[in-house]
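A short write-up of the structure that comes next.
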Amino acid sequence: MENLSTFCTCSNLACPLHPTKHDKGCAPCIQKNLRLQEIPNCFYHLVPRSEGRSSDSFEAFAALVLQEKK
């Protein structure tokens, strides 16, 4: 776990891009998410009840945030 940033909240340890799997920190995950136009998995920890989301898309994240604001 020495590759984790102090702010890392990612709990998907099975992911090959998780910072514990290499020495590049969050960069590979962020790069993948930018390419796929998705929000990193760890950002969903900020939104209550996001576990059952339909996808990691920008739109799905925005919908969850707006739903939480209501």
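The values are calculated or read from the model by the stated rules, or taken from the named source; none is laboratory data. The structure presented is a predicted model; accordingly, all values stated were derived computationally and were not measured. All Cβ positions, glycine included, derive from the backbone under ideal geometry; neighbour counts span all protein chains shown. Accessible surface areas use protein heavy atoms only, side chains included; no ligands, DNA or RNA. Shrake-Rupley method; radii C 1.70, N 1.55, O 1.52, S 1.80 Å.
When only C-alpha pairs under 8 Å and at least 6 residues apart count, what is the relative contact order of the chain, in percent?
Values: 55 pairs, mean separation 16.4, N = 70.
Dividing the mean separation by the residue count of the chain yields 23 percent.
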To the nearest 10 square angstrom, what accessible area does residue 17 show with a 1.4 Å probe?
50 Å²
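Just subtract the alpha-carbon distance of residue 6 and residue 54 from 0.36 nm times their residue separation and send over the number in nm, one decimal.
Numbers: separation 48, 0.36 × 48 = 17.28 nm, distance 2.87 nm.
Length gained between residue 6 and residue 54: 14.4 nm.
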Tilt, helix 58-69 to longest principal axis of the chain (alpha-carbon atoms), in degrees rounded to tens, equals 60 degrees
Suppose the chain between residue 45 and residue 31 were pulled fully straight at 0.36 nm per residue; how much longer would it get relative to their current alpha carbon spacing?
3.1 nm
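Mind checking the per residue accessible area of the chain for me, 1.4 Å probe, whole number of Å²? Don't jump to the answer; show the numbers that get you there.
Numbers: 5190 Å² over 70 residues.
Heavy-atom accessible area per residue stands at 74 Å².
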At most 10 other Cβ within 10 Å, DSSP loop - GluC sites (Glu not before Pro), the chain:
2, 51
Just how far, in whole angstrom, is the range 40-54 from the range 12-31 if you go by their alpha carbon centroids?
18 Å
Quick one: angle between helix 27-36 and the longest Cα principal axis of the chain, in degrees between 0 and 90, rounded to 10, please.
40 degrees
Rounded to the nearest 10 Å², the accessible area of residue 43 using a 1.4 Å probe with every protein chain kept is 90 Å²
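Taking the convex hull of the alpha carbon atoms in the chain, what volume per residue do you get, in Å³? Could you put the intermediate results ahead of the total?
On the way: hull volume 6.2 nm³, N = 70.
Output value, Cα hull per residue: 89 Å³.
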